[in-house]
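All remarks here apply to the structure that follows.
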Amino acid sequence: MGKRERRRKRERAKKHQPQQQPAAPQPIIREYPEGAPRIRVVINHDAPEDAQRISALYWEIKNDGTWARTVSSIGVASNIGAVATAHSHAILLSSPCANCSEPINVANRSWANKVGGKYLDVDAPTYLCGDCSAIQKREKAERQQLAAEQKRAEQAREKQKAEEFKHLVGEAIEDEEAKTEAISRLPDDNPRAMALYVALVSYATRNPGKQLPSITGIGLMGWTGDTAQDMELLLALYYSNLLAISRETPARAFGLSKDGGDITFGANDVVWRLIGDRSAAQERVMEITHRFKTQPGPQGAAAREAFTSLTDEMEIANVASYLNGLLTKKYDYPEVPEARREELTDVIRKGFGHGYTSGQMICFAWRAADSAAAWKERNQRMGPPEAASASVTSLNGKIDKAIELHHAIPEYEVPRWHAAPLALSSFRRLSADIRWVYNREVIEACPHCDRRGLQETVHPETGATAMRRCVHPVEIPDQLQDEEPNWWDDAPDPADV
């Protein structure tokens, strides 16, 4: 092997030898105090000598862990702190991380005292090292991001549900709007519902173009003085295909069934409409009225009894409501106490039972409230609740005295502020029509019927002879007609006179 070959071999071997990397510069480390260090100071390797000196003086502590000198004693305070924190940091050897137990890095002396206490020897159960703090922040950010994604997903689901619900409600309303013809058969088994239908048609006739209000939109007295009964009767008419849900019904009236596949509705918030045109509804009212007046047998008697009972309940509720209205609006008293409301009902029923009219009972109620207020004024120890309770006693006494002495009682008209059951005026007219048919004096004056009020008739199809109830289609002398007063007159409250 020649010299040239040996030289080439040495050059190739030199190329394949690993080249040694220069050692990475190491930071300058100082520990204080020297015997039992509590703090380790790390000074950047490239810090100028003056910065190294300032950093060592800045972080140095005494044997008890307090700072060896004040910042101002080292130099200009604002400059010293900035130089030291820019070129160094410290590790608290006696204050481990609450998560990984590694010593905690601090950037300045105030943070060192915050973590390690005055003597830099306190455990830091609530502080984390830099790595753990970064992990914690990252995990927190991930949790927040996950929560935000879940919230967005939930909002998207809720929006989809709302859109589906809106679509179902729209379909339900369209189905209700498609109901244009009512059934020909009336719900004979529910005379109260038929009577309410008469009142609904009367309301629609007086308010053309306006839908039938919801129970919640009427007020506390509702249609019949009992909102629970109103709901029952309205649903009976709805399922008999005489009423439909109006498009004006608010969205809150609807809900989803338990399986989530169908629409339900709360009858209290539903706005109703009559099915069919006005003429058909009025013909239906005439048929209902005729049935109430002429239907024979136990079924007809039971229907009339059910209607009469309902009207009586409404009259009683109307007077009780008027008395409570007087107490609260006129005298600023509370209503009749709950414990005496049943007694109040019995007292009012007794007055109607002795033949007093609604107007006369309104007069009794006004006098009872006035007497109770006067009694309170004479007895200063008595308060408004006692006066409200005393109005029941006063009402009972005035009715008993009038019965005993046969006093003539005037008829008072209700004021405009009084909200009577909405169907009461219609029921009064229907009740008067029924009483007219069965009035003994009217029967005796009618030339078309016998003494029982029956009239012979021929069946139009079979030609068979039968007896039917006569409705007395003749002019009867005025004194025989038991006319009801105009209960909706705008006359002032008697208390204002």
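Bridgeable lysines around Lys161 (alpha carbons under 23 Å apart, same-chain partners fewer than 8 residues away excluded): Lys151, Lys258. Protection proxy ranking, highest mean first, for peptides 120-127, 85-92: 85-92, 120-127, where packing is the per-residue count of other beta-carbon atoms within 10 Å, averaged. Answer with one residue from Tyr119, Ala178, Val271: the one whose Cα lies farthest towards the positive end of the charge dipole of the chain, charges on Cβ with Lys, Arg +1 and Asp, Glu -1. Farthest along the dipole direction, towards plus: Tyr119. Using a probe of 1.4 Å, the accessible surface attributed to Tyr119 totals some 90 Å² when neighbouring protein chains are kept in position. Ellipticity at 222 nm from helices only: DSSP H runs of n ≥ 4 in the chain, each -39500 (n - 2.57), divided by the residue count, give -17000 deg cm²/dmol.
Surface composition of the chain: carbon and sulfur atoms hold 50% of the protein heavy-atom accessible area at a 1.4 Å probe. Considering all different alpha carbon pairs of segment 25-100, the Kirkwood hydrodynamic radius works out to 12.9 Å. Relative to one another, the C-alpha centroids of segment 385-412 and segment 327-366 are positioned 9 Å apart.
Pull out a ≥ b ≥ c, the square roots of the eigenvalues of the alpha-carbon gyration tensor of segment 407-462, then state rounded if a/c is under 1.5, prolate if not and a/b is larger than b/c, and oblate in the remaining case. Note, shape of segment 407-462 comes out oblate.
Over all projection directions, the Cα-based convex hull of segment 177-272 averages an area of 7.0 nm². Computed over the Cα atoms, what is the radius of gyration of the chain divided by 2.2 N^0.38 Å, N being its residue count? For the chain, the normalised Cα radius of gyration is 2.04. From the Kirkwood radius over Cα pairs of segment 253-297, Stokes-Einstein at 37 °C and 0.692 mPa s returns a whole-number translational diffusion coefficient of 238 µm²/s.
Met286 sits with roughly 130 Å² accessible to a 1.4 Å probe, with DNA, RNA and ligands left out of the calculation.
Restricting segment 147-236 to trypsin sites (Lys or Arg not before Pro) that sit in a DSSP loop and have at most 13 other Cβ atoms within 10 Å of their own Cβ leaves Arg185, Lys210. Rolling a 1.4 Å probe across the protein heavy atoms gives the chain an accessible surface of 59 Å² per residue. Other residues lying with their Cβ under 12 Å from the Cβ of Leu212 contribute a combined charge of +1, Lys and Arg counting +1, Asp and Glu -1. When only Cα pairs below 8 angstrom with a gap of at least 6 residues are kept, the chain shows a relative contact order of 10 percent. For segment 150-193 and segment 234-301, what is the separation of their C-alpha centers, rounded to whole Å? Cα centroid to Cα centroid, the span is 15 Å.
The values are calculated or read from the model by the stated rules, or taken from the named source; none is laboratory data. Remember, it's a predicted structure, so these values are computed and weren't measured experimentally. Note that each Cβ is placed from the backbone with ideal geometry, even for glycine, and that neighbours are counted across all protein chains shown. To get the accessible areas, we keep the full protein, side chains included, count just its heavy atoms, and leave off ligands, DNA and RNA. Shrake-Rupley method; radii C 1.70, N 1.55, O 1.52, S 1.80 Å.
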